[in-house]
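Remarks on the structure that follows.
The values are calculated or read from the model by the stated rules, or taken from the named source; none is laboratory data. From a predicted model like this one, the values you see are computed outputs, not experimental measurements. So basically every Cβ, Gly included, is an ideal-geometry build from the backbone, and we count neighbours across all protein chains shown. Side chains included, ligands, DNA and RNA excluded: accessible areas come from the protein's heavy atoms. Shrake-Rupley method; radii C 1.70, N 1.55, O 1.52, S 1.80 Å.
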Amino acid sequence: MGHEREVTSTGVPPWKSPVALSLILHLVIAGVALAGWTWSSPEHEPPPRSISARLVTQQQPEPSPIETLDDQPDRDEERRLEEQKRKAEQEQKRKAEQERKEEARKLAEQKAREEAERKAQEQEQERKRQLAEKRKREEAAKAKEAARQKAEAEAKERERQKAEAEKKRKEEQRKAEAEAEQKRKEEQRKREEEARKEAERKRQEAERRLKEKQLEALAEEASEAKQAEARRQAQAAAAKAREAQMLTESEKYQALIRERLSQAWYPPSSATEEMTARLQITLLPTGELAGVKLVSSSGNTAFDNSALSAVRSLSRYPIPDKRDTFERYFRQFTIEFNPRRLK
(Lines give C-alpha, C1' and ligand atoms only; values in the text may rest on other atoms or scores of the structure.)
Protein backbone atom coordinates (compact mmCIF):
# COMPACT_ATOMS: atom_id res chain seq x y z
CA MET A 1 0.00 0.00 0.00
CA GLY A 2 1.31 3.47 -0.81
CA HIS A 3 3.27 2.26 -3.84
CA GLU A 4 2.42 1.15 -7.40
CA ARG A 5 2.41 -2.49 -8.42
CA GLU A 6 3.45 -3.74 -11.76
CA VAL A 7 0.90 -6.04 -13.39
CA THR A 8 1.44 -7.74 -16.73
CA SER A 9 -1.08 -6.66 -19.38
CA THR A 10 -3.45 -9.19 -20.97
CA GLY A 11 -5.15 -6.93 -23.50
CA VAL A 12 -8.36 -6.60 -21.34
CA PRO A 13 -9.75 -3.08 -20.79
CA PRO A 14 -9.01 -1.66 -17.32
CA TRP A 15 -12.68 -1.40 -16.31
CA LYS A 16 -13.05 -5.17 -16.90
CA SER A 17 -10.23 -6.05 -14.56
CA PRO A 18 -11.12 -8.10 -11.41
CA VAL A 19 -10.40 -5.18 -9.14
CA ALA A 20 -12.69 -2.80 -11.07
CA LEU A 21 -15.46 -5.37 -11.28
CA SER A 22 -15.21 -6.04 -7.54
CA LEU A 23 -15.45 -2.31 -6.74
CA ILE A 24 -18.48 -1.88 -9.05
CA LEU A 25 -20.21 -4.90 -7.48
CA HIS A 26 -19.59 -3.53 -3.99
CA LEU A 27 -21.06 -0.14 -4.93
CA VAL A 28 -24.17 -1.77 -6.44
CA ILE A 29 -24.75 -3.98 -3.36
CA ALA A 30 -24.26 -1.02 -1.01
CA GLY A 31 -26.77 1.07 -2.99
CA VAL A 32 -29.38 -1.67 -3.01
CA ALA A 33 -28.92 -2.30 0.71
CA LEU A 34 -29.28 1.40 1.57
CA ALA A 35 -32.36 1.78 -0.64
CA GLY A 36 -34.27 -1.42 0.30
CA TRP A 37 -33.49 -2.38 3.94
CA THR A 38 -32.65 -0.81 7.23
CA TRP A 39 -30.58 -2.45 9.94
CA SER A 40 -28.44 -1.43 12.82
CA SER A 41 -25.24 0.17 11.69
CA PRO A 42 -22.24 -2.13 12.10
CA GLU A 43 -19.32 -1.26 14.18
CA HIS A 44 -16.84 1.15 12.57
CA GLU A 45 -14.49 -0.62 10.23
CA PRO A 46 -11.41 0.79 8.59
CA PRO A 47 -11.89 1.93 4.99
CA PRO A 48 -10.72 -0.47 2.30
CA ARG A 49 -7.24 -0.09 1.07
CA SER A 50 -6.75 1.90 -2.08
CA ILE A 51 -5.08 0.08 -4.93
CA SER A 52 -2.80 1.68 -7.50
CA ALA A 53 -2.06 -0.45 -10.50
CA ARG A 54 -0.29 -0.01 -13.79
CA LEU A 55 -1.22 -2.26 -16.62
CA VAL A 56 1.51 -3.78 -18.70
CA THR A 57 0.64 -5.70 -21.82
CA GLN A 58 1.90 -9.25 -21.84
CA GLN A 59 0.94 -12.39 -23.66
CA GLN A 60 0.22 -14.59 -20.59
CA PRO A 61 -0.81 -12.87 -17.31
CA GLU A 62 0.66 -14.34 -14.23
CA PRO A 63 -0.84 -12.81 -11.04
CA SER A 64 1.71 -12.18 -8.46
CA PRO A 65 1.27 -13.35 -4.85
CA ILE A 66 1.09 -9.74 -3.74
CA GLU A 67 -1.92 -9.07 -5.99
CA THR A 68 -3.76 -12.13 -4.55
CA LEU A 69 -3.25 -10.85 -1.06
CA ASP A 70 -4.52 -7.39 -2.03
CA ASP A 71 -7.76 -8.86 -3.41
CA GLN A 72 -8.57 -10.64 -0.10
CA PRO A 73 -10.06 -7.52 1.67
CA ASP A 74 -12.40 -7.00 -1.30
CA ARG A 75 -13.68 -10.54 -1.09
CA ASP A 76 -14.11 -10.16 2.70
CA GLU A 77 -16.04 -6.95 2.17
CA GLU A 78 -18.18 -8.64 -0.42
CA ARG A 79 -18.90 -11.57 1.89
CA ARG A 80 -19.71 -9.16 4.74
CA LEU A 81 -22.14 -7.23 2.55
CA GLU A 82 -23.72 -10.45 1.34
CA GLU A 83 -24.06 -11.65 4.95
CA GLN A 84 -25.68 -8.36 5.92
CA LYS A 85 -28.03 -8.65 2.97
CA ARG A 86 -28.88 -12.25 3.93
CA LYS A 87 -29.55 -11.20 7.54
CA ALA A 88 -31.69 -8.29 6.38
CA GLU A 89 -33.68 -10.63 4.16
CA GLN A 90 -34.11 -13.10 7.03
CA GLU A 91 -35.23 -10.29 9.37
CA GLN A 92 -37.68 -9.03 6.75
CA LYS A 93 -39.02 -12.57 6.29
CA ARG A 94 -39.31 -13.04 10.06
CA LYS A 95 -41.24 -9.75 10.41
CA ALA A 96 -43.44 -10.67 7.47
CA GLU A 97 -44.12 -14.11 9.06
CA GLN A 98 -44.96 -12.45 12.39
CA GLU A 99 -47.29 -10.00 10.65
CA ARG A 100 -48.90 -12.88 8.76
CA LYS A 101 -49.40 -14.85 12.02
CA GLU A 102 -50.77 -11.79 13.81
CA GLU A 103 -53.16 -11.11 10.93
CA ALA A 104 -54.24 -14.76 10.98
CA ARG A 105 -54.74 -14.62 14.75
CA LYS A 106 -56.83 -11.43 14.48
CA LEU A 107 -58.83 -12.96 11.65
CA ALA A 108 -59.43 -16.11 13.73
CA GLU A 109 -60.48 -14.03 16.75
CA GLN A 110 -62.84 -11.98 14.54
CA LYS A 111 -64.32 -15.18 13.09
CA ALA A 112 -64.72 -16.59 16.61
CA ARG A 113 -66.47 -13.41 17.74
CA GLU A 114 -68.71 -13.44 14.70
CA GLU A 115 -69.49 -17.13 15.26
CA ALA A 116 -70.27 -16.47 18.94
CA GLU A 117 -72.50 -13.53 17.99
CA ARG A 118 -74.23 -15.66 15.36
CA LYS A 119 -74.82 -18.46 17.88
CA ALA A 120 -76.06 -15.93 20.45
CA GLN A 121 -78.47 -14.48 17.89
CA GLU A 122 -79.66 -17.97 16.97
CA GLN A 123 -80.13 -18.83 20.64
CA GLU A 124 -82.00 -15.58 21.21
CA GLN A 125 -84.22 -16.25 18.19
CA GLU A 126 -84.83 -19.81 19.42
CA ARG A 127 -85.64 -18.51 22.91
CA LYS A 128 -88.08 -15.96 21.44
CA ARG A 129 -89.64 -18.65 19.26
CA GLN A 130 -90.06 -20.99 22.23
CA LEU A 131 -91.46 -18.11 24.31
CA ALA A 132 -93.94 -17.26 21.54
CA GLU A 133 -94.97 -20.92 21.28
CA LYS A 134 -95.33 -21.08 25.06
CA ARG A 135 -97.50 -17.97 25.03
CA LYS A 136 -99.61 -19.44 22.22
CA ARG A 137 -100.08 -22.64 24.19
CA GLU A 138 -100.97 -20.69 27.33
CA GLU A 139 -103.45 -18.52 25.40
CA ALA A 140 -104.96 -21.62 23.82
CA ALA A 141 -105.22 -23.27 27.26
CA LYS A 142 -106.81 -20.13 28.68
CA ALA A 143 -109.29 -19.98 25.82
CA LYS A 144 -110.11 -23.66 26.30
CA GLU A 145 -110.56 -23.17 30.04
CA ALA A 146 -112.76 -20.11 29.41
CA ALA A 147 -114.89 -22.13 27.00
CA ARG A 148 -115.18 -24.95 29.50
CA GLN A 149 -116.17 -22.57 32.30
CA LYS A 150 -118.68 -20.90 30.00
CA ALA A 151 -120.19 -24.27 29.10
CA GLU A 152 -120.39 -25.23 32.76
CA ALA A 153 -121.98 -21.89 33.61
CA GLU A 154 -124.55 -22.32 30.83
CA ALA A 155 -125.30 -25.86 32.00
CA LYS A 156 -125.70 -24.66 35.57
CA GLU A 157 -127.95 -21.86 34.40
CA ARG A 158 -130.13 -24.34 32.52
CA GLU A 159 -130.28 -26.56 35.58
CA ARG A 160 -131.15 -23.55 37.71
CA GLN A 161 -133.89 -22.50 35.37
CA LYS A 162 -135.21 -26.03 35.28
CA ALA A 163 -135.16 -26.24 39.06
CA GLU A 164 -136.79 -22.83 39.32
CA ALA A 165 -139.57 -23.95 37.02
CA GLU A 166 -140.01 -27.14 39.04
CA LYS A 167 -140.05 -25.10 42.23
CA LYS A 168 -142.69 -22.76 40.93
CA ARG A 169 -144.75 -25.71 39.75
CA LYS A 170 -144.61 -27.35 43.15
CA GLU A 171 -145.09 -24.04 44.95
CA GLU A 172 -148.71 -23.90 43.99
CA GLN A 173 -149.14 -27.47 45.19
CA ARG A 174 -147.58 -26.70 48.60
CA LYS A 175 -149.16 -23.30 48.98
CA ALA A 176 -151.86 -24.60 51.29
CA GLU A 177 -149.43 -26.04 53.80
CA ALA A 178 -146.75 -23.38 53.35
CA GLU A 179 -148.13 -20.98 55.96
CA ALA A 180 -148.37 -23.71 58.59
CA GLU A 181 -144.89 -24.89 57.79
CA GLN A 182 -143.61 -21.34 57.89
CA LYS A 183 -145.18 -20.79 61.28
CA ARG A 184 -143.67 -24.01 62.57
CA LYS A 185 -140.28 -23.05 61.24
CA GLU A 186 -140.53 -19.59 62.79
CA GLU A 187 -141.34 -21.08 66.17
CA GLN A 188 -138.53 -23.57 65.77
CA ARG A 189 -136.16 -20.74 64.77
CA LYS A 190 -137.13 -18.77 67.85
CA ARG A 191 -136.51 -21.79 70.06
CA GLU A 192 -133.17 -22.41 68.37
CA GLU A 193 -132.24 -18.72 68.75
CA GLU A 194 -133.06 -18.82 72.45
CA ALA A 195 -131.08 -22.03 72.83
CA ARG A 196 -128.15 -20.46 70.96
CA LYS A 197 -128.27 -17.38 73.16
CA GLU A 198 -128.36 -19.58 76.27
CA ALA A 199 -125.42 -21.63 75.00
CA GLU A 200 -123.51 -18.44 74.21
CA ARG A 201 -124.21 -17.09 77.69
CA LYS A 202 -123.01 -20.33 79.28
CA ARG A 203 -119.91 -20.32 77.07
CA GLN A 204 -119.08 -16.75 78.05
CA GLU A 205 -119.68 -17.61 81.70
CA ALA A 206 -117.36 -20.61 81.40
CA GLU A 207 -114.69 -18.48 79.70
CA ARG A 208 -114.99 -15.87 82.45
CA ARG A 209 -114.58 -18.50 85.16
CA LEU A 210 -111.64 -20.02 83.28
CA LYS A 211 -109.95 -16.61 83.00
CA GLU A 212 -110.53 -15.99 86.69
CA LYS A 213 -108.95 -19.35 87.53
CA GLN A 214 -106.02 -18.62 85.22
CA LEU A 215 -105.49 -15.22 86.82
CA GLU A 216 -105.68 -16.78 90.27
CA ALA A 217 -103.16 -19.45 89.20
CA LEU A 218 -100.82 -16.78 87.80
CA ALA A 219 -101.12 -14.76 90.99
CA GLU A 220 -100.44 -17.87 93.03
CA GLU A 221 -97.43 -18.74 90.87
CA ALA A 222 -96.09 -15.20 91.22
CA SER A 223 -96.56 -15.36 94.98
CA GLU A 224 -94.83 -18.74 95.18
CA ALA A 225 -91.98 -17.48 92.99
CA LYS A 226 -91.61 -14.43 95.21
CA GLN A 227 -91.60 -16.59 98.32
CA ALA A 228 -89.08 -18.99 96.70
CA GLU A 229 -86.82 -16.07 95.82
CA ALA A 230 -87.08 -14.78 99.36
CA ARG A 231 -86.23 -18.24 100.70
CA ARG A 232 -83.31 -18.51 98.28
CA GLN A 233 -81.95 -15.14 99.34
CA ALA A 234 -82.38 -16.09 102.99
CA GLN A 235 -80.63 -19.40 102.42
CA ALA A 236 -77.82 -17.66 100.55
CA ALA A 237 -77.40 -15.15 103.36
CA ALA A 238 -77.43 -17.94 105.94
CA ALA A 239 -74.92 -19.96 103.90
CA LYS A 240 -72.70 -16.89 103.58
CA ALA A 241 -72.88 -16.26 107.30
CA ARG A 242 -72.21 -19.93 108.02
CA GLU A 243 -69.28 -19.88 105.61
CA ALA A 244 -67.82 -16.83 107.33
CA GLN A 245 -68.29 -18.48 110.70
CA MET A 246 -66.67 -21.69 109.48
CA LEU A 247 -63.74 -19.73 108.07
CA THR A 248 -63.23 -17.84 111.30
CA GLU A 249 -63.43 -21.03 113.34
CA SER A 250 -61.05 -22.84 110.99
CA GLU A 251 -58.49 -20.02 111.23
CA LYS A 252 -58.64 -20.27 115.02
CA TYR A 253 -57.98 -24.04 115.06
CA GLN A 254 -55.33 -23.76 112.34
CA ALA A 255 -53.46 -21.30 114.55
CA LEU A 256 -53.73 -23.75 117.49
CA ILE A 257 -52.40 -26.62 115.35
CA ARG A 258 -49.44 -24.50 114.14
CA GLU A 259 -48.65 -23.54 117.72
CA ARG A 260 -48.70 -27.20 118.89
CA LEU A 261 -46.51 -28.31 115.99
CA SER A 262 -44.09 -25.42 116.64
CA GLN A 263 -43.67 -26.59 120.20
CA ALA A 264 -43.16 -30.24 119.12
CA TRP A 265 -40.75 -29.52 116.24
CA TYR A 266 -37.00 -29.63 116.71
CA PRO A 267 -35.22 -28.76 113.43
CA PRO A 268 -31.77 -30.33 112.91
CA SER A 269 -28.60 -28.27 113.25
CA SER A 270 -28.10 -28.47 109.49
CA ALA A 271 -31.40 -26.63 108.82
CA THR A 272 -31.25 -23.30 107.03
CA GLU A 273 -33.84 -20.57 106.60
CA GLU A 274 -34.26 -21.43 102.92
CA MET A 275 -35.39 -25.03 103.65
CA THR A 276 -39.12 -25.75 103.48
CA ALA A 277 -40.92 -29.09 103.80
CA ARG A 278 -44.57 -29.35 102.82
CA LEU A 279 -46.64 -32.10 104.51
CA GLN A 280 -50.20 -33.37 103.97
CA ILE A 281 -52.01 -34.29 107.21
CA THR A 282 -55.14 -36.44 107.47
CA LEU A 283 -57.14 -36.43 110.73
CA LEU A 284 -59.98 -38.46 112.19
CA PRO A 285 -63.16 -36.74 113.48
CA THR A 286 -61.78 -37.38 116.99
CA GLY A 287 -58.67 -35.25 116.28
CA GLU A 288 -56.36 -38.25 116.08
CA LEU A 289 -53.78 -38.46 113.30
CA ALA A 290 -54.88 -40.78 110.49
CA GLY A 291 -51.85 -40.25 108.28
CA VAL A 292 -49.12 -37.84 107.14
CA LYS A 293 -47.38 -37.62 103.74
CA LEU A 294 -44.42 -35.59 102.52
CA VAL A 295 -45.72 -33.59 99.58
CA SER A 296 -42.68 -31.39 98.89
CA SER A 297 -39.21 -32.15 100.25
CA SER A 298 -36.83 -29.52 101.56
CA GLY A 299 -33.89 -31.31 99.99
CA ASN A 300 -32.56 -32.31 103.40
CA THR A 301 -33.59 -35.75 104.73
CA ALA A 302 -32.96 -34.85 108.38
CA PHE A 303 -35.06 -31.70 107.98
CA ASP A 304 -37.94 -33.69 106.40
CA ASN A 305 -37.78 -36.40 109.08
CA SER A 306 -37.88 -33.81 111.88
CA ALA A 307 -41.06 -32.32 110.39
CA LEU A 308 -42.65 -35.79 110.08
CA SER A 309 -41.68 -36.61 113.65
CA ALA A 310 -43.26 -33.38 114.91
CA VAL A 311 -46.55 -34.23 113.16
CA ARG A 312 -46.57 -37.80 114.53
CA SER A 313 -45.66 -36.68 118.05
CA LEU A 314 -49.06 -35.06 118.67
CA SER A 315 -51.51 -37.65 120.00
CA ARG A 316 -54.56 -35.45 119.37
CA TYR A 317 -55.02 -32.28 117.31
CA PRO A 318 -57.32 -29.44 118.29
CA ILE A 319 -60.32 -29.52 115.90
CA PRO A 320 -63.71 -27.71 115.86
CA ASP A 321 -66.85 -29.43 117.18
CA LYS A 322 -68.91 -28.78 114.07
CA ARG A 323 -68.64 -31.69 111.66
CA ASP A 324 -69.04 -29.67 108.46
CA THR A 325 -66.19 -27.33 109.48
CA PHE A 326 -63.99 -30.34 110.24
CA GLU A 327 -64.82 -32.08 106.94
CA ARG A 328 -64.09 -28.96 104.94
CA TYR A 329 -60.91 -27.69 106.58
CA PHE A 330 -59.40 -30.40 108.82
CA ARG A 331 -60.17 -33.79 107.32
CA GLN A 332 -57.14 -33.29 105.10
CA PHE A 333 -54.89 -30.23 104.90
CA THR A 334 -51.30 -29.25 104.16
CA ILE A 335 -48.79 -27.42 106.30
CA GLU A 336 -45.28 -26.05 105.60
CA PHE A 337 -42.29 -26.36 107.96
CA ASN A 338 -39.72 -23.56 107.72
CA PRO A 339 -37.25 -22.39 110.42
CA ARG A 340 -38.56 -18.81 110.08
CA ARG A 341 -42.24 -19.67 110.00
CA LEU A 342 -44.61 -22.56 110.36
CA LYS A 343 -47.84 -22.28 108.37
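Can you check what the Kirkwood hydrodynamic radius comes to for the stretch 89-147, Cα pairs only, in Å to one decimal? The Cα-based Kirkwood calculation yields 15.5 Å.
Here LYS252 is the anchor, and the lysines within straight C-alpha reach of less than 26 Å, apart from those fewer than 8 places off in the same chain, are LYS240, LYS293, LYS322, LYS343. log10 I(q)/I(0), Debye, Cα-only the stretch 166-237, no solvent, q = 0.27 Å⁻¹? Reported log10 I(q)/I(0), two decimals: -1.07. Could you give me D for the stretch 122-213, from Stokes-Einstein at 37 °C and 0.692 mPa s, where the hydrodynamic radius is the Kirkwood radius over C-alpha pairs? Units µm² s⁻¹, please. Estimated diffusion coefficient is 163 µm²/s.
Among the protein heavy atoms, those of TYR253 account for about 40 Å² of accessible surface (1.4 Å probe, every chain in place).
Modelled spin-label separation between PHE333 and GLN84, with each label point placed 7 Å from Cα along the Cα-to-Cβ direction: 11.2 nm.
Provide GLU117, GLU229 ordered by accessible surface of protein heavy atoms (probe 1.4 Å), highest first.
On the way: GLU117 110, GLU229 75 Å².
Ranked list, largest accessible area first: GLU117, GLU229.
Straight Cα distances below 22 angstrom link LYS101 to the lysines LYS87, LYS93, LYS111, with same-chain residues fewer than 8 positions distant left out.
Computed over neighbours whose Cβ is under 11 Å from that of GLN149, the net charge equals +2, Lys and Arg +1, Asp and Glu -1.
Straight-line cross-link reach from LYS185 at under 30 Å between alpha-carbon atoms covers these lysines, not counting any fewer than eight positions away in the same chain: LYS156, LYS162, LYS167, LYS168, LYS170, LYS175, LYS197, LYS202.
Ligands, DNA and RNA aside, GLU154 has an accessible area near 90 Å² when probed at 1.4 Å.
With θ taken as phi - 60° and the Karplus curve 6.51 cos²θ - 1.76 cosθ + 1.60 applied, the whole-hertz 3J(HN,Hα) list for the stretch 113-130 is 5, 5, 5, 5, 5, 4, 5, 4, 5, 4, 4, 5, 5, 5, 4, 5, 4, 4 Hz, x standing for glycine and proline. Show log10 I(q)/I(0) for the stretch 258-300 at q = 0.18, 0.24, 0.32 Å⁻¹, two decimals, from a solvent-free Debye sum over equal Cα scatterers. The Cα Debye sum returns log10 ratios of -0.67, -1.03, -1.19.
Here THR301 sits with roughly 100 square angstrom of accessible surface, probe radius 1.4 Å.
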